[in-house]
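*Asks:* The structure under discussion is supplied below as structure tokens; questions concerning it will follow.
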Amino acid sequence: MSRLLNKNAIFCCILLAGISLNPIAQEHPQVSVKQADEIRLLLEKHRDICKLFPEIDGFRIQIYFNSGHNSKSQAFEVYKQFIANYPGVEAYVSYQEPNYKVRAGDFRTRLEAEGFLRKIQADYPSAFVIKDQVLFPPLH
């Protein structure tokens, strides 16, 4: 029993010494990354491709769509009103025969889009979330 206590006491002393030295060792950590040149080249190619194709699968909120007489001018009016009321949120006008559409936002997840939809629901009661190709939104 006393041998077990001595071993535990020695272990505790070593552990405490390690803990007390640990903050000193972490003040100036040094990290060295070694990787093959092929990996660096692949990462560079990946960055270049992402610059060429900045869109990702995501979600937008469709706030307007219509066809027929004056639908184009109505779409641009809705667009102008939206960007005036919600600065900082991108909006897009598109034409997909026979409809003009106005979509807002660049959301990574449906949850983000649904949250924003709740904010604008009073102004755009017929708005809904739609899956779309979006510009890569910044991380917050």
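*Asks:* Determine which residues of region 56-76 fall in the zone a paramagnetic label at TYR95 would reach in this model, i.e. backbone nitrogen under 20 Å from the point 7 Å along Cα→Cβ.
*Replies:* 63-76
*Asks:* Which ³J(HN,Hα) values in Hz, rounded to whole numbers, follow from the phi angles of region 65-82 under the Karplus curve 6.51 cos²θ - 1.76 cosθ + 1.60, where θ = phi - 60° and Gly and Pro get x?
*Replies:* 7, 6, 10, x, 4, 6, 5, 5, 5, 5, 4, 5, 5, 4, 4, 4, 5, 5
*Asks:* Can you tell me the length gained on complete extension of the stretch LYS131 to LYS45, counting 0.36 nm per residue apart and subtracting the Cα distance? Display every interim value, and only then the final one.
*Replies:* Values: separation 86, 0.36 × 86 = 30.96 nm, distance 2.78 nm.
Using 0.36 nm per residue and subtracting the Cα-Cα distance, I get 28.2 nm.
*Asks:* Can you list the residues, at least 5 places off or on another chain, whose amide H is less than 5 Å from the amide H of TYR86, using H built in the peptide plane?
*Replies:* Correct list: empty.
*Asks:* Whose amide H sits under 5 Å from the amide H of PHE107, counting only residues 5 or more places off or on another chain, with H placed in the peptide plane?
*Replies:* PHE59
*Asks:* Tell me, what ³J(HN,Hα) does each residue in region 34-51 have, in order and in whole Hz, if you take phi through Karplus 6.51 cos²θ - 1.76 cosθ + 1.60 with θ = phi - 60° and put x for Gly and Pro?
*Replies:* Along region 34-51, the couplings run 10, 9, 5, 4, 4, 5, 4, 5, 5, 5, 5, 5, 4, 4, 5, 5, 4, 5 Hz.
*Asks:* Further question on the same structure: Give the aspartates and glutamates reachable from LYS80 as a straight Cα distance under 17 Å; neighbours fewer than 8 places away on the same chain don't count.
*Replies:* GLU90, ASP123
*Asks:* From the phi of every residue in region 123-133, what ³J(HN,Hα) in whole Hz does the Karplus formula 6.51 cos²θ - 1.76 cosθ + 1.60 yield, where θ is phi - 60° and glycine or proline is x?
*Replies:* Rounded to whole hertz, the list is 7, 9, x, 9, 5, 8, 7, 9, 6, 7, 7.
None of the figures in this text is laboratory data; all of them are computed from the coordinates on show. Everything quoted here is computed from the prediction, not taken from an experiment. For neighbour counting, all protein chains shown are included, and Cβ atoms are generated from backbone atoms with ideal geometry for every residue, glycine included.
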